[in-house]
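Step one of this worksheet: look at the structure below.
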Amino acid sequence: MDSEQAEKVFTVVVNDEEQYSIWPQDRPVPDGWKTEGAPGPESACIEYIERVWTDMRPRSLREQMDREREPSAS
């Protein structure tokens with residue numbers, strides 16, 4: 001990794017489906033995404049994502065699967 005990349009600051013972003021990514025702090029966050037956690041080097045942001053994003057399924061899929069598991073009310 002070159003020194004410019006090592007000095008670049010990123011932030012963790014998350015969308016409505018609770019999917020995570022990293023984004024350069026000096027660029028506007030894309031529509032549909034919000035920042036989470038503190039900005040830092042790329043490696044720190046990736047470590048944060050690995051720690052908190054334990055279920056890779058999109059939120060809508062998790063909710064659908066949870067509904068399908070619930071017993072039907074008779």
* Do we have E70 as free of Cβ contacts under 8 Å to residues at least 12 places away in the same chain and surrounded by 10 or more Cβ atoms within 10 Å (Cβ to Cβ) here? -> no
* To do: Name every residue in the stretch 33-63 that is open to solvent by 60 Å² or more (accessible area, probe 1.4 Å), among the β-branched types (V, I, T) and either assigned to a strand (DSSP E or B) or touching a Ser or Thr at 6+ places or on another chain (Cβ under 9 Å) (or both), in order of residue number.
  => T35
* **Positions within the stretch 25-47 being within 9 Å of the chain's Cα centre (by Cα) and hydroxyl-bearing (S, T, Y), in sequence order** => T35
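The values are calculated or read from the model by the stated rules, or taken from the named source; none is laboratory data. Since this is a predicted model, take the numbers as computed values, not measurements. Note that each Cβ is placed from the backbone with ideal geometry, even for glycine, and that neighbours are counted across all protein chains shown. Accessible surface areas use protein heavy atoms only, side chains included; no ligands, DNA or RNA. Shrake-Rupley method; radii C 1.70, N 1.55, O 1.52, S 1.80 Å.
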